[in-house]
Amino acid sequence: MKRETIQFFKIGKEDGQKFLKLIKEKFKDQDVIDKKYKVVKENDYILFPLVDDVQLLNKLEKHLEYKFEYQIVTQKAIPNPKFGYKSLEKLLINEIPEEILNLIPKSYDIIGEIAIFEFDKFGEYERKALGPFKKKIARAIEIANKHVKTVYEKKSEIKGEHRLRELALIYGQNKSETIHKENKCQFKLDVMHTFFTPRLVFERRRIASTNIKANEIIVDMFAGVGPISIQLAKNNEVTIYSFDINTVAYNYLKENIKLNKLKGKIIPDNIDIKDLINPSNKLGSLLKSNVDRIIMNLPENSLEYIDVACFLMKKNGGIIHNYQFCEKPNQIEKAIEDFKKKLNNYNWQIEKILNAKKVKAYSPKADLVVIDLYINQINNKNERIKSSDL
């Protein structure tokens, strides 16, 4: 995909700006200068790297006739380290058949040095058509993202209690462990054996920068490798109990606590969150009716853990960040109503809806929704904090 030598447009320095103005006016929707390579300055001349398109360059020469003195020269090009490709289609124009270009996946996830993309969402015809070109597409992803060293293909949906998906190596190093940087934090993880999505970067930032009071006791029910817990503790003087049933994720969580400088304290544990309501569980007894804020980021079935949330929450009230997959339309209203029904079963109620919104699309029929709620126990109305204090 890279050329060792390319053609340059060689022009005097005094005409450089005029040349740039002309191509901007005459070639609005076409790239004449190849931005993958550096512009070269030699004595009194500027050499602009040209795209590898004979017809376009012939058209350029017609527009430039008698306007400037110039030369088309061929020499070795210097890669531009700041260049970023606008799209995989553009990068693959001369690499795969034109009729295949529009089938290329429009988005993919980058986690540290690993990229993950999906073909299985297409129909059988598209999968067969793209099949022979997977490695070229994966190679293009690596070129377009200079930090990527490995490209995997999604081979299944998220499944199981650990929320994992099957991945197949398409290109690069067969290494599933990486360090992902996000919002000034670092997260070490294994994409094969832990759940992590970079698509919640802005949601995690929102939670971490919300109105958190000093010394809050927080429970992150499904912490994974710690993306929410660590960002909360980095910015706030709080104590967070971070739980995950996946032993691999728990071990990475412990590593990530050490990797990041935190204002607050994180206490990790490798248990099923349901174990906390067992009378013999010492930690559950310690946390019972003592928690200020709970994060329930298990959208597939977070409502099944409302009993645990009510067990942990201070009776006079606290804040829940609850995530659900809800079908359209009226998905936000459905999320609130479903949560309310479950909550009432345990003699708790929604005191105030602090925030409710769609986080991202999940499928053609459903969205990921977050609802931030202040809840309290119905029998403790006299003890509850006033909504105006929130």
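Assorted remarks:
- Selection of the range 202-249 for residues being crowded, with 17+ Cβ neighbours inside 10 Å and among the acidic types (D, E) yields E203, E216, D220, D244.
- Subset of the range 19-43 that is farther than 23 Å from T5 by Cβ and exposed (fewer than 13 other Cβ atoms within 10 Å of the Cβ) - its residue that is modelled with the highest pLDDT: K21
- Every residue from the range 315-350 that is in contact with a strand residue (DSSP E or B) (Cβ under 8 Å, 6 or more places away or on another chain), without any contact (Cβ under 8 Å) to a residue 40 or more places away in the chain and in a loop (DSSP other than H, G, I, E, B): K328, N347
- All positions within the range 269-286 that are surrounded by fewer than 21 Cβ atoms within 10 Å (Cβ to Cβ) and in contact with a Gly (Cβ under 9 Å, 6 or more places away or on another chain): D275, I277, N278
- Verdict on F339 being among the hydrophobic types (A, V, I, L, M, F, W, C) and surrounded by fewer than 19 Cβ atoms within 10 Å (Cβ to Cβ): no
- Scan of the range 103-131 for residues that are over 21 Å from A361 (Cβ atoms) and either at pLDDT below 85 or in a loop (DSSP other than H, G, I, E, B) (or both), ordered by number: G112, E113, E124, Y125, R127, K128, A129, L130, G131
- For the range 228-246, a residue qualifies if it is out of contact with any Asp or Glu (no Cβ under 9 Å at 6 or more places or on another chain) and not polar (S, T, N, Q), and the qualifying residues are I230, A233, K234.
- Candidates V148, V219, filtered to the one that is over 30 Å from L287 (Cβ atoms) and not in a helix (DSSP H, G or I): V148
- The set of residues in the range 191-201 being in contact (Cβ under 8 Å) with a residue 60 or more places away in the chain, buried (at least 19 other Cβ atoms within 10 Å of the Cβ) and of a type outside the set (F, W, Y) consists of V191, L200.
- Of all residues in the range 352-366, those satisfying the criterion of being at pLDDT below 95 and farther than 14 Å from E203 by Cα are Y362, S363, P364, K365, A366.
- Within this structure, E153 fails the test of being surrounded by fewer than 16 Cβ atoms within 10 Å (Cβ to Cβ), out of contact with any Pro (no Cβ under 9 Å at 6 or more places or on another chain) and not assigned by TED's automatic domain parsing to the domain that holds P299.
A quick yes/no check of all residues on (1) in contact with a Cys (Cβ under 8 Å, 6 or more places away or on another chain); (2) outside any loop (DSSP other than H, G, I, E, B); (3) in contact (Cβ under 8 Å) with a residue 12 or more places away in the chain:
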site: Q7; (1), (2), (3): no, yes, yes
site: K10; (1), (2), (3): no, yes, yes
site: K18; (1), (2), (3): no, yes, yes
site: L22; (1), (2), (3): no, yes, yes
site: E25; (1), (2), (3): no, yes, no
site: K35; (1), (2), (3): no, no, yes
site: K41; (1), (2), (3): no, yes, yes
site: L56; (1), (2), (3): no, yes, yes
site: L60; (1), (2), (3): no, yes, yes
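- Listed by first and then second residue, the pairs linking a residue in the range 77-92 that is part of a loop (DSSP other than H, G, I, E, B) and at pLDDT 75 or above to a residue that is surrounded by fewer than 14 Cβ atoms within 10 Å (Cβ to Cβ) and not acidic (D, E), with Cβ atoms under 9 Å apart and 6 or more places separating them unless they lie on different chains, are A77/K2; A77/R3; A77/T5; L92/M1.
- Filter pass, I46 being in a strand (DSSP E or B), outside the structural domain of N94 (by TED's automatic domain parsing) and at pLDDT 80 or above: yes
The values are calculated or read from the model by the stated rules, or taken from the named source; none is laboratory data. What you see is a predicted model, and the numbers here were worked out from it, not measured in a lab. Neighbour counts run over all protein chains shown; Cβ positions are idealised from the backbone, glycine included.
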